[in-house]
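What follows is one structure encoded as structure tokens, with my remarks underneath.
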């Protein structure tokens, strides 16, 4: 048995299975953001009825710095909506997943810009450091600092805590939970988690098939299942029952069960895999679900 374990461990390391390396998927390099003209892989593509007029699409840069850094990192951001109305709008801070860059998530951001009606709410999305055209190298601290830099921008532009909704998808559920549990520049009023992972430990054990401490595979400290316990804001959880990347039973259900706040709702989408939620729900149903939750 000991020999089998040694062989298995050797195989894992020879395959470079380090969660903190594999969590960040940076393989699709770009030289510019193409948005609607992006022709790479997509989970779905919206029809023309979801088109956003150019004057409401703003690409810009932000400066992000962790507590241990002396020099800021430049990251890229996209805001959908009128900049002059941030003071009065509700804004969805969308924290995307581990795959690629904002072009890949552009269709999702556009879809969110139709919650409760076209451009009823603003939508802010960033590329974390190392993603897309953002500078730097991905780190857990950098992930939180990057999203907080976006929240600081919203605050400077007049957004109040009561009108901030934070939405995390997949890897993006880590900064969503962290910055709701331990607020920095702003305190979100509500939190939406789509396909959240429970913790780095659970991801490591699920991925390796070996019940060993997550520290054996990763230096990440991410633990959404613990952080959700300290979040009191209304919580909406959405996940597919056929999620082959983050098992709904070992990840999403655990996060949902651990919530102890004011209000929660669950949407388990039958037959949906990790990136299929909006399609399997149907865009109208997906938008109505989010609209109803945000208006509660």
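The values are calculated or read from the model by the stated rules, or taken from the named source; none is laboratory data. Quick caveat: nothing in here was measured; it's all calculated off a predicted structure. Cβ placement follows ideal geometry from the backbone for every residue including glycine, while neighbour counts extend to all protein chains displayed.
Would you mind finding the one in 35, 46, 62, 23 that is at pLDDT below 95 and buried (at least 17 other Cβ atoms within 10 Å of the Cβ)? Quick ask: steps written out before the conclusion?
Values: 35 fails: at pLDDT below 95; 46 fails: at pLDDT below 95; 62 fails: at pLDDT below 95.
Sole residue among the options that is at pLDDT below 95 and buried (at least 17 other Cβ atoms within 10 Å of the Cβ): 23.
Being within 21 Å of residue 285 (Cβ to Cβ) and either touching a residue at least 12 places away in the same chain (Cβ under 8 Å) or more than 21 Å from the chain's Cα centre (by Cα) (or both): is that true of residue 90 here? Spell out the reasoning first.
On the way: within 21 Å of residue 285 (Cβ to Cβ): yes; either touching a residue at least 12 places away in the same chain (Cβ under 8 Å) or more than 21 Å from the chain's Cα centre (by Cα) (or both): yes.
When the stated conditions are applied, residue 90 passes them.
Among 126, 166, 191, which is the only one that is assigned to a strand (DSSP E or B), under 17 Å from the mean Cα position of the chain (by Cα) and farther than 20 Å from residue 291 by Cβ? Steps first, answer last, please.
Working: 166 fails: farther than 20 Å from residue 291 by Cβ; 191 fails: farther than 20 Å from residue 291 by Cβ.
On inspection, the qualifying residue turns out to be 126.
Suppose we keep only residues that are out of contact with any strand residue (DSSP E or B) (no Cβ under 9 Å at 6 or more places or on another chain) and over 18 Å from residue 170 (Cα atoms) within the range 251-287. Which one would you say is surrounded by the fewest Cβ atoms within 10 Å (Cβ to Cβ)?
My answer is 284.
Given the criterion buried (at least 20 other Cβ atoms within 10 Å of the Cβ) and over 17 Å from residue 34 (Cβ atoms), identify the matching residue among 56, 112. Write out each step before concluding.
Values: 56 fails: buried (at least 20 other Cβ atoms within 10 Å of the Cβ).
One residue alone meets the criteria, 112.
Here are some conditions: (1) in contact with a strand residue (DSSP E or B) (Cβ under 8 Å, 6 or more places away or on another chain); (2) surrounded by 20 or more Cβ atoms within 10 Å (Cβ to Cβ); (3) under 24 Å from residue 170 (Cα atoms); (4) in contact (Cβ under 8 Å) with a residue 60 or more places away in the chain. Residue 78 meets all but one. Which one does it not meet?
Evaluating residue 78 over (1) in contact with a strand residue (DSSP E or B) (Cβ under 8 Å, 6 or more places away or on another chain); (2) surrounded by 20 or more Cβ atoms within 10 Å (Cβ to Cβ); (3) under 24 Å from residue 170 (Cα atoms); (4) in contact (Cβ under 8 Å) with a residue 60 or more places away in the chain leaves (4) as the failure.
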